[in-house]
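Asks: Supplied in structure tokens, the structure appears directly below.
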Amino acid sequence: MNAPVETHGIIISLLRASTLPLAFKCPGSIRNTSTRINISNEAADAGSAMHKCCESLPRIGSIDWEFVDEVAAEHGCDCNELRFLCAKATRLWAKLRESFPGSITEVAIEYPIEVAGLKITGTIDGIAISGDVARLYDWKGGRLDTDYYHQMMAYGSMVLLAFPQLREVTVTILWVRHEQFENYTITREKAQEWMRKLETEVVQWDGVYHPHEKCVHCPRWYECEAANGLARASVAAIQNVDVDSIAQQVERMPPDELIQLRRTAKMVTTIAERTNDAIRALLQKRGEIVGSEAKLMLENQPKRELDTRLTWQVLERIGFDEQDYAEVSKLSVTKIEKLVAERAGRGNGAAAKRKLKADLEAAGAVEMVDTFSISERRL
């Protein structure tokens, strides 16, 4: 357990490797807070579920597909998204598995630093050691818009300094969604230098906050004046955009300005979403909120849902044909696969789903639909 360390009246007691990308941007992010908020989202939930599913890859070379839906339910993420990530991870692992012979997964590690009682902790997704060289890997289900350098340096440095027989460590980020990888090779000298930088820049903090576009991911976001100042500036910047001519303005903007505008828009969107979530939670707790000219309340808006079996009987009676059914039906691949696997019985589900996939493709029933979203990648 880390012992608390106080700088500028703010205590730090937790120093996890996963928090260090934010901590090096702004050391204030890892200081204790009166109200520490767990910031979760669908992407993070899917990433956690993907980590769980990928544990079987080094052991058996494949995903245990029969349990993917169960893992998705446990983590509260979309099972289709999880299956997509697992398929990508399987292909990426096939390209790189020779680099991690005999690797073991989910390795908890910690290392004390010079500041009394404080240590770094973390869990490495996979590690393989051969002679005096170690290879580590870390699964990432997000997009190539985040710099995880300091998290990887923490993993590599902890392993190097904890095991004196090692000469060198290479840490590999496995970018699942893009089927790419990114290597960081760390020598003992480099690890010691990084540890000193961690102590001087992050732990022995100068008290200066450094707000940036990733502030919305910080657990201290809600009480940080610097982050709130950035939020106010972002909202003001969006307010100054001429909505009527925004398309023309965007077309004229230089690339760097355009990228910054999108970051600002994302921050404002996050602020708006969290504001609505907070108001909704308050309404659930207190009931109506009445002002001088209006009031807020939660309204129940019942949504019609059909019993499929009974609806089919009605549609048959009114003369629906095959084309009519196709027009009104939307089939779920995941639900069909789950039903097929359940009917096949335990141990036969994966084979049944493979046959279903082959049969659907042979019948021309599978249609790939392109969906486009904006992503930002580091250069």
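Asks: Among the residues of segment 270-285, is any of a type in the set (A, V, I, L, M, F, W, C) and either in contact with a Cys (Cβ under 6 Å, 6 or more places away or on another chain) or within 20 Å of Thr146 (Cβ to Cβ) (or both)?
Replies: Looking for residues that are of a type in the set (A, V, I, L, M, F, W, C) and either in contact with a Cys (Cβ under 6 Å, 6 or more places away or on another chain) or within 20 Å of Thr146 (Cβ to Cβ) (or both), one finds at least one in segment 270-285, hence yes.
Asks: A further question follows. Report the residue count in segment 207-244 for those that are in a loop (DSSP other than H, G, I, E, B) and either more than 23 Å from Ile30 (Cα to Cα) or among the aliphatic types (A, V, I, L, M) (or both). Don't jump to the end; show me each part of the working.
Replies: Step one: list which residues in segment 207-244 are in a loop (DSSP other than H, G, I, E, B), which gives 207-214, 218-220, 224, 240-242.
With either more than 23 Å from Ile30 (Cα to Cα) or among the aliphatic types (A, V, I, L, M) (or both) added as a condition, the list becomes 208, 240-242.
Within segment 207-244, residues that are in a loop (DSSP other than H, G, I, E, B) and either more than 23 Å from Ile30 (Cα to Cα) or among the aliphatic types (A, V, I, L, M) (or both) number 4.
Asks: What is the number of the single condition among (1) free of Cβ contacts under 8 Å to residues at least 24 places away in the same chain; (2) farther than 30 Å from Ala344 by Cα; (3) in a helix (DSSP H, G or I) that Phe67 does not meet?
Replies: All conditions are met except number (2).
Asks: Specify which of the listed residues (Glu361, Glu367, Glu288) is in the same structural domain as Gln260 (by TED's automatic domain parsing) and of a type outside the set (Ser, Thr, Tyr).
Replies: Result: Glu288 is the single residue among Glu361, Glu367, Glu288 that is in the same structural domain as Gln260 (by TED's automatic domain parsing) and of a type outside the set (Ser, Thr, Tyr).
So that you can scan it fast, the table gives a plain yes or no per residue for (1) assigned to a helix (DSSP H, G or I); (2) modelled with pLDDT under 95; (3) among the acidic types (Asp, Glu):
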{"position": "Gly117", "(1), (2), (3)": "no, yes, no"}
{"position": "Thr121", "(1), (2), (3)": "no, yes, no"}
{"position": "Ile129", "(1), (2), (3)": "no, yes, no"}
{"position": "Leu136", "(1), (2), (3)": "no, no, no"}
{"position": "Arg143", "(1), (2), (3)": "no, yes, no"}
{"position": "Leu160", "(1), (2), (3)": "yes, yes, no"}
{"position": "Val171", "(1), (2), (3)": "no, no, no"}
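Asks: Can we say Ser18 is of a type in the set (Gly, Ala, Ser), in the same structural domain as Tyr155 (by TED's automatic domain parsing) and modelled with pLDDT under 85?
Replies: No, not satisfied.
Asks: For segment 232-259, which positions are under 24 Å from the mean Cα position of the chain (by Cα) and modelled with pLDDT under 80? Before you say what the answer is, go through the steps one by one.
Replies: So the first thing to find is which residues in segment 232-259 are under 24 Å from the mean Cα position of the chain (by Cα), and the list is 234, 259.
The answer is Ser234, and nothing else.
Asks: Can you tell me how many residues in segment 309-361 are at positive phi and more than 36 Å from the chain's Cα centre (by Cα)?
Replies: 1
Asks: Still on this structure: Determine which single condition Lys303 fails, assuming it passes every other condition in (1) out of contact with any helix residue (DSSP H, G or I) (no Cβ under 8 Å at 6 or more places or on another chain); (2) surrounded by 12 or more Cβ atoms within 10 Å (Cβ to Cβ).
Replies: Failing condition for Lys303: (2).
Asks: So in segment 193-226, with the set limited to residues that are of a type in the set (Val, Ile, Thr) and over 25 Å from the mean Cα position of the chain (by Cα), which one is farthest from Met158 (Cα to Cα)?
Replies: For segment 193-226, the residue satisfying everything is Val208.
Asks: Right, another one. Using the structure shown, decide if Asp138 is charged (D, E, K, R) and surrounded by 21 or more Cβ atoms within 10 Å (Cβ to Cβ).
Replies: So Asp138 fits the description; yes.
Asks: Another question, if that's okay. Filter segment 101-115 down to residues that are within 15 Å of Arg16 (Cβ to Cβ) and either buried (at least 17 other Cβ atoms within 10 Å of the Cβ) or among the hydrophobic types (A, V, I, L, M, F, W, C) (or both) and give me whichever is modelled with the lowest pLDDT.
Replies: Ile113
Asks: Check Arg220 against each of (1) closer than 19 Å to Arg16 by Cα; (2) out of contact with any Asp or Glu (no Cβ under 8 Å at 6 or more places or on another chain); (3) not assigned by TED's automatic domain parsing to the domain that holds Ala265 and name the one condition it does not meet.
Replies: (3)
Asks: If only one of Ile60, Ile11, Ile30 is surrounded by fewer than 22 Cβ atoms within 10 Å (Cβ to Cβ), at pLDDT below 85 and of a type in the set (Val, Ile, Thr), which one is it? Don't jump to the end; show me each part of the working.
Replies: Working: Ile60 fails: at pLDDT below 85; Ile30 fails: surrounded by fewer than 22 Cβ atoms within 10 Å (Cβ to Cβ).
After applying the criteria, what remains is Ile11.
Asks: A follow-up question, please. Filter segment 65-106 for residues that are on the phi > 0 side of the Ramachandran plot and within 19 Å of the chain's Cα centre (by Cα) and give the result. Lay out the reasoning, then the answer.
Replies: Pass one, segment 65-106, residues on the phi > 0 side of the Ramachandran plot: 76, 102, 106.
Hits for segment 65-106 are Gly76, Glu106.
The values are calculated or read from the model by the stated rules, or taken from the named source; none is laboratory data. No experiment lies behind these values; they were computed from the predicted model shown. Cβ coordinates were reconstructed from backbone atoms using ideal geometry, including for glycine residues, and neighbour counts include every protein chain displayed.
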